[in-house]
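A.B. asks: Following this message is one structure expressed as structure tokens.
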Ligand code: ADP
Ligand code: ASP
Ligand code: MG
């Protein structure tokens, strides 16, 4: 484990061979692939979404980026409380709360201030999702609180946020499409804690994601959710969007997974609770796993075995402080080796912020 006193070097090193410039040098295509996962705290409202989208835009100059999103902070809890209300027969309350969830996302859309055509299009998408949500609430008389119902309702948070995040990217001039991960993340039917079938997920996911990446489109994939072979929505467990990030990074053969969150990286203890907590700069997969398994909520423990197996470098970085280097998890770096794509956003983000290009 290496602690905070490591010299921070924000210069991104990159191999010229990784970047192919087209005529005029405007459009770049890279062999690098990165997956960026944004947690709920990074997505809370239009300003946060545009800021996070700015980080993605900067990274697309160096890498093919696939985005994985959580629900906006608090939304999954809200949806689960609706499931509880349904189970208790509180239908009017459940319906009101479901309408509030839709209104929340519509108000973020309003705050994004898209062009009129885009606003109309995305509003329609959100309203269609809202109809599905309200339908879930309407069709049930008093229902058994099945785990399947909980997962179906909980899935709406990521489905809403993926649409909004794709819209935020489009606003910044980046082609993006929302992708619902239940289209390809195949799981068992242990609702609320479903296990993915990795090989089938990889095959199905590549068929959906690679053509988008080849077209220069950023897929914005829902974290947290999958589906059984017969198409019933599952979730991978609470806080599992990090795990989805690792799964989707594996699907697209990403060199790096960046977990963007609201602290500067992984600390020796929760930095919001302990003034003694110290930032850890470098961790092995085993060290990170031990911290995550002992309750460091900043990173879901299931990320680490998959990352270790595929030798994927995982970074934990602060969306709100992109100049901070973050925590790197991986095999020890050889002297002189490239830092990879994850540092590139810092450089470009700073450049474009200075030009006023990032919201
Ligand atoms: P996100 O919304 O980005 O998924 P989470 O709330 O799941 O964020 O995780 C980030 C939070 O994890 C931090 O705000 C921090 O309070 C908490 N945390 C707990 N233990 C640690 C730790 N050892 N290092 C860093 N953060 C930690
Ligand atoms: N939205 C889900 C949850 O709150 C997954 C996640 O955020 O990681 O549990
Ligand atoms: Mg989290």
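The values are calculated or read from the model by the stated rules, or taken from the named source; none is laboratory data. Being a predicted model, the structure only gives us computed values, none of them experimental. Neighbour counts run over all protein chains shown; Cβ positions are idealised from the backbone, glycine included.
A.B. asks: At least 1 residues that are under 20 Å from residue 234 (Cβ atoms) and away from ligand 2 (no atom under 16 Å from the Cβ) in each: list the helices (runs of 4 or more DSSP H) lying fully within region 48-150 that qualify. Give the steps one after another, and end with the answer.
C.D. replies: Details: elements: 75-87, 91-112, 116-139.
In region 48-150, 75-87, 116-139 are the helices (runs of 4 or more DSSP H) which contain 1 or more residues that are under 20 Å from residue 234 (Cβ atoms) and away from ligand 2 (no atom under 16 Å from the Cβ).
A.B. asks: Inspect all residues belonging to region 280-288 and state whether any of them is away from ligand 2 (no atom under 16 Å from the Cβ), free of Cβ contacts under 8 Å to residues at least 40 places away in the same chain and surrounded by fewer than 19 Cβ atoms within 10 Å (Cβ to Cβ).
C.D. replies: As a first pass, look at region 280-288 and keep what is away from ligand 2 (no atom under 16 Å from the Cβ): 280-288.
Then drop every residue that is not free of Cβ contacts under 8 Å to residues at least 40 places away in the same chain, which leaves 286.
Those still in the list that are surrounded by fewer than 19 Cβ atoms within 10 Å (Cβ to Cβ) too: 286.
For region 280-288, residues away from ligand 2 (no atom under 16 Å from the Cβ), free of Cβ contacts under 8 Å to residues at least 40 places away in the same chain and surrounded by fewer than 19 Cβ atoms within 10 Å (Cβ to Cβ): present.
A.B. asks: Taking the stated definitions as given, is residue 279 near ligand 1 (Cβ under 10 Å from one of its atoms) and modelled with pLDDT of 95 or more?
C.D. replies: Values: near ligand 1 (Cβ under 10 Å from one of its atoms): yes; modelled with pLDDT of 95 or more: yes.
Considered against the rule, which asks whether it is near ligand 1 (Cβ under 10 Å from one of its atoms) and modelled with pLDDT of 95 or more, residue 279 comes out as yes.
A.B. asks: Report, by residue number, each residue of region 232-245 that is over 13 Å from the mean Cα position of the chain (by Cα), surrounded by 24 or more Cβ atoms within 10 Å (Cβ to Cβ) and within 9 Å of ligand 2 (Cβ to nearest atom). Let's see the steps before the verdict.
C.D. replies: At the first step, the residues of region 232-245 found to be over 13 Å from the mean Cα position of the chain (by Cα) are 232-238.
Next, only the ones that are surrounded by 24 or more Cβ atoms within 10 Å (Cβ to Cβ) stay: 234-236.
Of everything in region 232-245, those that are over 13 Å from the mean Cα position of the chain (by Cα), surrounded by 24 or more Cβ atoms within 10 Å (Cβ to Cβ) and within 9 Å of ligand 2 (Cβ to nearest atom) turn out to be 235, 236.
A.B. asks: Right, next: Go through (1) within 16 Å of ligand 2 (Cβ to nearest atom); (2) free of Cβ contacts under 8 Å to residues at least 60 places away in the same chain; (3) surrounded by fewer than 24 Cβ atoms within 10 Å (Cβ to Cβ) for residue 273 and report which single condition fails.
C.D. replies: (1)
A.B. asks: Any residue that is modelled with pLDDT of 95 or more, within 8 Å of ligand 1 (Cβ to nearest atom) and over 22 Å from residue 33 (Cα atoms) - is there at least one of those in region 285-294?
C.D. replies: There is at least one residue in region 285-294 that is modelled with pLDDT of 95 or more, within 8 Å of ligand 1 (Cβ to nearest atom) and over 22 Å from residue 33 (Cα atoms).
A.B. asks: Looking at 292, 296, 277, which one is in contact with a helix residue (DSSP H, G or I) (Cβ under 9 Å, 6 or more places away or on another chain) and either more than 24 Å from residue 73 (Cα to Cα) or not in a helix (DSSP H, G or I) (or both)?
C.D. replies: Just one listed residue meets the conditions, 296.
A.B. asks: On the given criteria, is residue 184 closer than 21 Å to residue 104 by Cα, more than 16 Å from ligand 3 (Cβ to nearest atom), in contact (Cβ under 8 Å) with a residue 60 or more places away in the chain and touching a helix residue (DSSP H, G or I) at 6+ places or on another chain (Cβ under 6 Å)? First the steps, then the outcome.
C.D. replies: Details: closer than 21 Å to residue 104 by Cα: no; more than 16 Å from ligand 3 (Cβ to nearest atom): yes; in contact (Cβ under 8 Å) with a residue 60 or more places away in the chain: yes; touching a helix residue (DSSP H, G or I) at 6+ places or on another chain (Cβ under 6 Å): yes.
Judged against the criteria, residue 184 is not a match.
A.B. asks: Let me ask something additional. Give the residues of region 290-309 that are over 17 Å from the mean Cα position of the chain (by Cα), closer than 14 Å to residue 243 by Cβ and either surrounded by fewer than 15 Cβ atoms within 10 Å (Cβ to Cβ) or within 16 Å of ligand 3 (Cβ to nearest atom) (or both), sorted by residue number. Explain how you work it out, then say what you get.
C.D. replies: We begin by selecting, within region 290-309, every residue over 17 Å from the mean Cα position of the chain (by Cα); these are 290-296, 305, 308-309.
Next, from what is left, pick out any that are closer than 14 Å to residue 243 by Cβ: 292-293, 305, 308-309.
Answer for region 290-309, where residues must be over 17 Å from the mean Cα position of the chain (by Cα), closer than 14 Å to residue 243 by Cβ and either surrounded by fewer than 15 Cβ atoms within 10 Å (Cβ to Cβ) or within 16 Å of ligand 3 (Cβ to nearest atom) (or both): 292, 293, 305, 309.
A.B. asks: Might you check whether a residue that is more than 15 Å from ligand 2 (Cβ to nearest atom), part of a strand (DSSP E or B) and within 18 Å of the chain's Cα centre (by Cα) occurs anywhere in region 246-256?
C.D. replies: yes
A.B. asks: Just to check your reading of the model, which residue among 192, 204 is touching a strand residue (DSSP E or B) at 6+ places or on another chain (Cβ under 7 Å), more than 24 Å from residue 330 (Cβ to Cβ) and part of a loop (DSSP other than H, G, I, E, B)? Explain how you work it out, then say what you get.
C.D. replies: Values: 204 fails: part of a loop (DSSP other than H, G, I, E, B).
When all the criteria are applied, what remains is 192.
A.B. asks: Looking at 239, 270 in this structure, which one is within 16 Å of ligand 3 (Cβ to nearest atom), part of a loop (DSSP other than H, G, I, E, B), at pLDDT 95 or above and under 21 Å from residue 158 (Cα atoms)? Don't jump to the end; show me each part of the working.
C.D. replies: Details: 270 fails: under 21 Å from residue 158 (Cα atoms).
When all the criteria are applied, what remains is 239.
A.B. asks: Still on this structure, please answer the following. Residue check: is residue 227 more than 16 Å from residue 328 (Cβ to Cβ) and within 11 Å of ligand 1 (Cβ to nearest atom)? Step through it out loud before you land on a result.
C.D. replies: Working: more than 16 Å from residue 328 (Cβ to Cβ): yes; within 11 Å of ligand 1 (Cβ to nearest atom): no.
Against the criterion (more than 16 Å from residue 328 (Cβ to Cβ) and within 11 Å of ligand 1 (Cβ to nearest atom)), residue 227 does not qualify.
A.B. asks: Just checking, does region 209-230 include any residue being in a strand (DSSP E or B) and more than 17 Å from the chain's Cα centre (by Cα)? Show your work before the answer.
C.D. replies: Within region 209-230, the first condition is being in a strand (DSSP E or B), and the residues that meet it are 218-222, 225-227.
Imposing the further condition that a residue be more than 17 Å from the chain's Cα centre (by Cα) reduces the set to 227.
Yes, region 209-230 has at least one match.
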